[in-house]
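Here the structure comes first, spelled out in structure tokens, and everything after it is commentary.
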Amino acid sequence: MFRSERGAVSAAESGGRALHSWMPPLDGLRRLAIISVMLFHYGPPLNGHDPLQHGITFLSQFGWTGVDLFFVLSGFLIAGILLDARGADNYFSSFYARRVLRIFPAYYVALLIAFFLFPVLLPGIERVSPNAHERFWFFA
């Protein structure tokens with residue numbers, strides 16, 4: 001049994017011996033990529049006179065590399081999943097079904113929160129939010 005990108009898949013499901021196993025250091029690298037992007041966006045307002053905050057502000061300038069690193073790592077992991085499953089009968093369909101089941105629920109929950117909960121909790125946000133006719137296309 002091996003684990004790839006948070007999901008467990010057996011070697012039998014992958015059509016033979018598993019080529020890629022779960023690599024915890026890659027999870028750590030992805031976390032660093034996410035943190036660097038967050039620092040890039042939220043680090044500049046820090047006080048530049050405090051040595052610790054100055055260091056964080058300096059490091060936040062390199063946060064744009066976190067997006068590239070995250071995509072490279074995700075591509076590597078997805079390629080590994082596809083290579084491991086290449087002998088299966090439902091090669092692409094199972095891969096895309098797992099992706100849809102993983103991404104769509106979170107996407108639709110985020111839309112519901114953004115379009116229906118935020119306007120109630122944050123009056124005035126309607127000015128920057130799409131109108132009802134435009135919102136339909138986000139759900140389509």
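The values are calculated or read from the model by the stated rules, or taken from the named source; none is laboratory data. Values in this document were obtained by computation on a predicted structure and should not be read as measured data. Counting neighbours? That spans all protein chains shown, and the Cβs are built from the backbone with ideal geometry, glycine included.
Here are the numbers for this structure:
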{"read-out": "The range 83-101, subset free of Cβ contacts under 8 Å to residues at least 40 places away in the same chain and among the charged types (D, E, K, R), residue surrounded by the most Cβ atoms within 10 Å (Cβ to Cβ)", "value": "99"}
{"read-out": "Output for the range 126-140, where each listed residue is of a type outside the set (Asp, Glu) and assigned to a helix (DSSP H, G or I)", "value": "127, 132, 133, 135, 136, 137, 138, 139"}
{"read-out": "Residue within the range 114-132 that is of a type in the set (D, E, K, R), farther than 30 Å from residue 21 by Cα and either assigned by TED's automatic domain parsing to the domain that holds residue 21 or free of Cβ contacts under 8 Å to residues at least 40 places away in the same chain (or both) present", "value": "yes"}
{"read-out": "Flag if residue 118 is modelled with pLDDT under 90 and among the aromatic types (Phe, Trp, Tyr)", "value": "yes"}
{"read-out": "Index of the failed condition, residue 45 passing every other in (1) part of a loop (DSSP other than H, G, I, E, B); (2) modelled with pLDDT of 75 or more", "value": "(2)"}
{"read-out": "Residue within the range 62-84 that is outside any helix (DSSP H, G or I) and closer than 23 Å to residue 37 by Cα present", "value": "yes"}
